[in-house]
1. Which condition breaks for ALA55 when tested against (1) small (Gly, Ala, Ser); (2) assigned to a helix (DSSP H, G or I); (3) at pLDDT below 95?
2. Return only the number of the condition from (1) outside any helix (DSSP H, G or I); (2) modelled with pLDDT of 95 or more that ALA2 does not satisfy.
3. Give the residues of segment 10-30 that are among the hydrophobic types (A, V, I, L, M, F, W, C) and farther than 15 Å from ARG70 by Cβ, sorted by residue number.
4. Exactly one of (1) in contact with a Gly (Cβ under 6 Å, 6 or more places away or on another chain); (2) free of Cβ contacts under 8 Å to residues at least 24 places away in the same chain is unmet by GLN68. Its number?
5. Where residues in segment 34-47 are part of a helix (DSSP H, G or I) and out of contact with any helix residue (DSSP H, G or I) (no Cβ under 7 Å at 6 or more places or on another chain), which of them is surrounded by the most Cβ atoms within 10 Å (Cβ to Cβ)?
Amino acid sequence: MAQYDATLIETYADRLYKEAKTVIIKYALIFALVLGVACAAFRTNWWLVGAVIGAVVGYVFAQEKAFQLRLQAQTALCQVQIEKNTRK
C-alpha cells in the first residue's frame, strides 16, 4: 500500500503554478497563429490584424485557465496543511 507523502502534493502544486505562468503565453501564441492564418486565407494583408485579435482572445481565455490552475494548486496545498494541522 502506498504511503502518504506531502512533498508529492507540494511538487504537484508547484507544477500547477508553473503551468499557470506559461499558459497565458501558450494560449496567446496559439490563438494569434490560428486567427492570423485564418485571416490570411481570406485577405492576404489582414493576417496581422487577425494575429493581434487572436492574441487578445487567447490572453482572455488563458486568464481563466491560469486562475483555475492556481485555485487547484491552492486546494492541494490547503489539504496538505489540514493534514499537517490534524496529525498527532
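The values are calculated or read from the model by the stated rules, or taken from the named source; none is laboratory data. Just so we're clear, the structure is a prediction, and the values are computed from it rather than from any experiment. Cβ sites come from the backbone with ideal geometry, for glycine too, and all protein chains shown count toward neighbours.
1. (3)
2. Failing condition for ALA2: (2).
3. Listed by number, the residues that qualify are ILE25, ALA28, LEU29, ILE30.
4. (1)
5. Of everything passing the filter in segment 34-47, VAL37 is surrounded by the most Cβ atoms within 10 Å (Cβ to Cβ).
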